[in-house]
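Please read the structure below before turning to the comments.
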Amino acid sequence: MSPSAPLLSVERLSKRFGAFQALDGLTLELAPGEVLGLVGPNGSGKTTAINVISGVYSADAGMVLLDGRSIGGLPIHRRAHLGINRTFQVPKPFKGLTVGENLEVAAVYSRADRAEIGKCLEFLELAPLVGREAASLNSAQQKRLDLARALIARPRLLLVDELGAGLNPVELQRMAQTLTTIARSGVALLVVEHLLGFLRELTSRVVVMDAGREIFEGSLEVAARDQQVIDVFLGG
Amino acid sequence: MPRGGWYSVGVVLLFALLPFVYGNHALLFNMMMYLVLAQGINVLFGFTGYLPFGYVGFFGAGAYGASLAILLVHLPPVPALFVGAAVSVLVALLLAPLLRLSGAYFAIASLAASEVVYYIVSNPHLVSLTQGPYGISLAQVYNSGASYATMVVVLAMALAVVVYLRNSHMGLALQAIREEPISAGFAGINVVRERIRAWLLSAALAGLAGGTYAWHVSVFYPKSVFDLNISVFAIVFTLFGGVATLVGPIMGTLLLYGLYNWIGISQPEYFQLVFGIVIVLLVLFLPNGLVSLLRRVKIHVP
Ligand SMILES: Nc1ncnc2c1ncn2[C@@H]1O[C@H](COP(=O)(O)OP(=O)(O)OP(=O)(O)O)[C@@H](O)[C@H]1O
Ligand SMILES: [Mg+2]
């Protein structure tokens, strides 16, 4: 397989909430092992993009293709079976279950065994918390648990939504390493992020959104000098 | 033995042996019936978060399904119970779209649905089929000993279901769905299918309890098997004890139904008062039920 064959293609994706156009013709592509940053001011439609790609919302128009096949209309669990997974801007672990049980839930379908769950817990520095109720974790730990839950499902495409927010510099550094390791294993990563310094550790390729529309695609360095991008960020 | 297994065996043996030393068999029978219903509520509410106020609809559907199988098809009582359970499951399948609703909407819609079933069954135009408002008499198959023994078996089945859910992937998946349905989807769980399975399982338990109740009392009116109080009792017992555990609904039922028989039958107005106070205290101080007290003192609750 050629390295450039896209795993994910998003074509002219649109989503309205009532009269409000949250996503307006978004187009992007992502290859296995590639990391793409998705940035833009608050309310520009980044989370909505993840929600539509992952099947939480259905699109009004446009297509989401995985391996060149349309997955529009598939329910969430079918997309998870095909290898799409994600984390949430506000983490959504199973709060009444323990950390270990949170991963066991995800292991049912993927058939990850105890050893894999153990490795995943180590990888995300959750091993000492394995018996704790997820509700008792702090926000950074809950984000890592969200990520662990996604990894146990063996994703090929991982959509992460502001994993950096609220982390201290040491945690940010570790999270960047974690995501880089995941991408190196061949997983395609779509990274929604406000912290551009953190994003720079992961990739140089970004799509910049404003008002549901893509206003820039290219390298982070060029984006930082693009007048439209600067205006949008300073204005928003 | 799986978690809660021995505990269940103990409860079943208790109800199997108590009639030999304790004379109030009606109390024992009703207690078992509520244990089954409370566990049925537990399966649905404890493991998926849906609170079915109309749960009694499945109980009534089972009672009528079993009775009509006896009266019209001349089945023996025990096979007829399975017809009753099948009728309840069928009703649950028809009502499965209600699971699209959430929270209070679901609770109220399920209540309305059970009223609809009640009106159909008690409709005077259906006298030739259901006896309408005149009720059912199963005098020819009346057998208090056999029906009691059957309820012991139904209780064992209900406890087995909850022990299974407490120890299985399915139970874990259901709890995950209750906690965070979207994340459950990303864990690969077919959320809609699992919810429907729990709904049908819960309906089947109520149907079995209803059919066995019909056989045991052998004469009843539609009002008595579609009595909303049955739902309310089963729900309060379950919540009082603590949901999503095996032990919670058992403790809740034994204590509160015991209390009901102690003061409720002689002085129903005091019972209403006590019952009301218990509910308020529960909501205020023990939202997770009695089992949360046990957990607080580090007792492991199966
Ligand atoms: N379920 C919804 N119903 C109605 N409006 C919504 C819904 N979800 C998002 N929106 C609106 O769509 C717009 C885009 O929201 P979105 O969450 O995608 O932005 P975002 O780029 O992720 O912003 P942030 O950086 O603040 O997370 C916002 O104006 C938001 O209010
Ligand atoms: Mg967002």
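The values are calculated or read from the model by the stated rules, or taken from the named source; none is laboratory data. All values reported here derive from a predicted model rather than from experimental measurement. Positions of Cβ are backbone-derived with ideal geometry, glycine not excepted, and every protein chain shown enters the neighbour counts. Accessible surface is based on the protein model in full, side chains and every heavy atom, while ligands, DNA and RNA are left aside. Shrake-Rupley method; radii C 1.70, N 1.55, O 1.52, S 1.80 Å.
Which condition from (1) away from chain B (no Cβ under 12 Å); (2) of a type in the set (A, V, I, L, M); (3) in contact with a strand residue (DSSP E or B) (Cβ under 6 Å, 6 or more places away or on another chain) is the one that A:ALA150 breaks?
So A:ALA150 meets the others, but not (1).
For the range A:153-168: of the residues being within 14 Å of another protein chain (Cβ to nearest Cβ) and open to solvent by 10 Å² or more (accessible area, probe 1.4 Å), which is nearest to ligand 2 (Cβ to nearest atom)?
Quick first cut of the range A:153-168, residues within 14 Å of another protein chain (Cβ to nearest Cβ) only: A:153-161.
With open to solvent by 10 Å² or more (accessible area, probe 1.4 Å) added as a condition, the list becomes A:153-156.
On the way: A:ALA153: 22, A:ARG154: 25, A:PRO155: 20, A:ARG156: 23 Å.
Looking at residues that are within 14 Å of another protein chain (Cβ to nearest Cβ) and open to solvent by 10 Å² or more (accessible area, probe 1.4 Å), I get A:PRO155.
For the range A:47-60, which positions are under 28 Å from A:GLY164 (Cα atoms) and either open to solvent by 10 Å² or more (accessible area, probe 1.4 Å) or acidic (Asp, Glu) (or both)?
Restricting attention to the range A:47-60, the residues satisfying the condition of being under 28 Å from A:GLY164 (Cα atoms) are A:47-59.
Result: A:THR47, A:THR48, A:ASN51, A:GLY55, A:VAL56, A:TYR57, A:SER58, A:ALA59.
Please verify whether A:VAL105 is aliphatic (A, V, I, L, M), open to solvent by 30 Å² or more (accessible area, probe 1.4 Å) and within 11 Å of chain B (Cβ to nearest Cβ), treating the condition exactly as stated.
no
Is there any pair linking a residue in the range A:192-204 that is touching a residue at least 40 places away in the same chain (Cβ under 8 Å) to one that is of a type in the set (S, T, N, Q) and within 16 Å of ligand 2 (Cβ to nearest atom), with Cβ under 8 Å and at least six apart or on different chains, and which?
Filtered contacts from the range A:192-204: A:VAL192/A:THR47; A:VAL192/A:GLN89.
Looking only at helices (runs of 4 or more DSSP H) that fall completely inside the range A:9-121, which ones have 3 or more residues that are in contact (Cβ under 8 Å) with a residue 12 or more places away in the chain, over 22 Å from A:GLY186 (Cβ atoms) and within 14 Å of ligand 2 (Cβ to nearest atom)? Step through it out loud before you land on a result.
Details: elements: A:46-54, A:76-82, A:99-110.
Ranges flagged: A:46-54.
Just the residues that are away from ligand 1 (no atom under 13 Å from the Cβ), modelled with pLDDT of 95 or more and among the hydrophobic types (A, V, I, L, M, F, W, C), please, taken from the range A:156-171.
A:LEU157, A:LEU158
Which of the residues that make up the range B:161-185 are more than 15 Å from B:THR245 (Cβ to Cβ) and open to solvent by 20 Å² or more (accessible area, probe 1.4 Å)?
If the condition is that a residue be more than 15 Å from B:THR245 (Cβ to Cβ) and open to solvent by 20 Å² or more (accessible area, probe 1.4 Å), then B:HIS169, B:MET170, B:GLU179, B:GLU180, B:PRO181, B:ILE182 are the ones that fit.
Do any residues in the range B:185-204 that are without any contact (Cβ under 8 Å) to a residue 40 or more places away in the chain and within 14 Å of another protein chain (Cβ to nearest Cβ) have Cβ atoms under 8 Å from those of residues that are surrounded by fewer than 21 Cβ atoms within 10 Å (Cβ to Cβ) and of a type in the set (Phe, Trp, Tyr), where the two are at least six apart or on different chains, and which pairs are they?
B:ALA187/A:TYR109; B:GLY188/A:TYR109; B:ILE189/A:TYR109
Among the residues of the range A:61-102, write down those that are over 23 Å from B:GLY171 (Cα atoms), within 11 Å of chain B (Cβ to nearest Cβ) and buried (at least 21 other Cβ atoms within 10 Å of the Cβ).
Hits for the range A:61-102 are A:ILE84, A:ARG86, A:THR87, A:PHE88.
Looking only at the range B:147-183, count how many residues are within 7 Å of chain A (Cβ to nearest Cβ) and not charged (D, E, K, R).
7
Which residue, of B:GLY65, B:GLY40, is assigned to a helix (DSSP H, G or I), farther than 22 Å from B:GLN175 by Cα, at pLDDT 95 or above and not polar (S, T, N, Q)?
Only one candidate qualifies: B:GLY65.
Is at least one residue of the range B:266-286 in contact with a Lys or Arg (Cβ under 7 Å, 6 or more places away or on another chain) and buried (at least 17 other Cβ atoms within 10 Å of the Cβ)? Walk me through how you get there before you give the answer.
In the first step, residues of the range B:266-286 are kept if they are in contact with a Lys or Arg (Cβ under 7 Å, 6 or more places away or on another chain); the result is none.
No, because not a single residue in the range B:266-286 is in contact with a Lys or Arg (Cβ under 7 Å, 6 or more places away or on another chain) and buried (at least 17 other Cβ atoms within 10 Å of the Cβ).
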